[in-house]
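The values are calculated or read from the model by the stated rules, or taken from the named source; none is laboratory data. Values in this document were obtained by computation on a predicted structure and should not be read as measured data. Note: ideal-geometry Cβ built from the backbone for every residue, glycine included; neighbour counts use all protein chains shown. Surface areas here come from the heavy atoms of the whole protein model, side chains and all, with no ligands, DNA or RNA. Shrake-Rupley method; radii C 1.70, N 1.55, O 1.52, S 1.80 Å.
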Amino acid sequence: VVALGKAGGREMMSGSDLDLMLIYDHPEDASESRGRDIRRLPSSQWFVRAAHAYVAAVTAPGVDGPLYAVDMRLRPSGNKGPVAVSLGAFRRYHAGSAWTWERMALTRARVIAGPPALRARVEAAITEAMADAGAPDRIRADAAAMRARLTRDLPPYGRWDVKLRPGGQIEVEFIAQTLQLIHALAFPRLCSQTTRVALTRLTEAGLLNGADAALLIRADRIWRTVQGMLRITLGRSPRNELPVASARPLLRTAADAGAEAVDLPGLLATLDALARDVRALFVRHVGEIGR
């Protein structure tokens, strides 16, 4: 079981989906399932059924609703691929047809369950896929193109959308992911699923300016703090005008995270300035965002 996204990065918050990828392996001579009291199935079909049962258990509604909303779209071939993928198929896919954005997603892949030997093989396959992401110029161009596509297809819902706004959380993550892919072959130990840790390691390796890293880590903390508080108090899509009950705790937690503001207009001004700085770093380290 491989966690990706916020789950992989240990950054989940209220309302976060659980991004998962399920990878299996078996001896070459085990072409079908074995059991006395059940009908035998081809190995791939057995694992797909096991994966569906696992997802059903994780998403089953209880007294307080479902435990998680599971998102499996980050697996090889996305929704067009099988819900569980063999380790061999995973390796072949990333050796031949994976997109840069899929390799970027792998920077946050964390193996969270499985037999120790299989976990080690999966972790090695993920490391190999990141190290084989391609030339730096291509990685940067593909990352900038993906950001442009997200700008077009998923525009921010309003002034408080600190994830999708220009210079928002997603651009901090894209910078960290792009730089990790560029340097993963030469510096495999700098990679981390957690954004702020990856930025710190890039700085320690001399691959990212200390001032730039400090700004990005500060932005990462503020964006996640604001988003998390708004999720708790207002849900996924808060209005532009916040009620007092939400504004007070937001100001308090934003100040704790390093945002300089004493009221909502001041906080918005701080966020706007921070977003401009992040966008400037995105252009410097990744590239211009086309239309």
Check your understanding: Quick one: would you say residue 74 is touching an Asp or Glu at 6+ places or on another chain (Cβ under 6 Å), open to solvent by 20 Å² or more (accessible area, probe 1.4 Å) and in a helix (DSSP H, G or I)?
Key -> no
Point to revise | Lone qualifier among 95, 56 - being out of contact with any Asp or Glu (no Cβ under 8 Å at 6 or more places or on another chain), modelled with pLDDT of 90 or more and of a type in the set (Gly, Ala, Ser) | key: 56
Check your understanding: Based on what the data block shows, is residue 126 more than 30 Å from residue 86 (Cβ to Cβ), modelled with pLDDT of 95 or more and of a type outside the set (S, T, N, Q)?
Key -> no
Practice item. Output the residues belonging to region 77-100 that are surrounded by fewer than 16 Cβ atoms within 10 Å (Cβ to Cβ), among the hydrophobic types (A, V, I, L, M, F, W, C) and part of a helix (DSSP H, G or I). Key: 95
Check your understanding: Here are 277, 220: which of them is open to solvent by less than 50 Å² (accessible area, probe 1.4 Å), within 25 Å of residue 6 (Cα to Cα) and among the acidic types (Asp, Glu)?
Key -> 220
Check your understanding: In the set 279, 224, 231, which member is part of a helix (DSSP H, G or I) and more than 18 Å from residue 157 (Cβ to Cβ)?
Key -> 279
Practice item. Mind listing just one residue for me: the one in region 17-51 that is open to solvent by 20 Å² or more (accessible area, probe 1.4 Å) and of a type in the set (Ser, Thr, Tyr) and, of those, farthest from residue 229 (Cα to Cα)? Key: 31
Check your understanding: So, in region 143-155, of the ones that are of a type in the set (A, V, I, L, M) and more than 17 Å from the chain's Cα centre (by Cα), which residue ends up most open to solvent (accessible area, probe 1.4 Å)?
Key -> 145
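Mind telling me which of the residues 258, 290 ends up being closer than 23 Å to residue 178 by Cβ, over 22 Å from the mean Cα position of the chain (by Cα) and open to solvent by less than 50 Å² (accessible area, probe 1.4 Å)? Full working, then the answer.
Values: 258 fails: closer than 23 Å to residue 178 by Cβ.
The conditions single out 290.
Confirm whether residue 158 is open to solvent by less than 50 Å² (accessible area, probe 1.4 Å), in a loop (DSSP other than H, G, I, E, B) and either touching a residue at least 24 places away in the same chain (Cβ under 8 Å) or among the β-branched types (Val, Ile, Thr) (or both).
It is true that residue 158 is open to solvent by less than 50 Å² (accessible area, probe 1.4 Å), in a loop (DSSP other than H, G, I, E, B) and either touching a residue at least 24 places away in the same chain (Cβ under 8 Å) or among the β-branched types (Val, Ile, Thr) (or both).
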Practice item. Evaluate the following for residue 121: is it of a type in the set (D, E, K, R), outside any loop (DSSP other than H, G, I, E, B) and open to solvent by less than 10 Å² (accessible area, probe 1.4 Å)? Key: no
Review point. Could you list, in sequence order, the residues of region 193-232 that are touching a residue at least 24 places away in the same chain (Cβ under 8 Å), farther than 21 Å from residue 260 by Cβ, in contact with a Lys or Arg (Cβ under 8 Å, 6 or more places away or on another chain) and not β-branched (Val, Ile, Thr)?
Key: 193
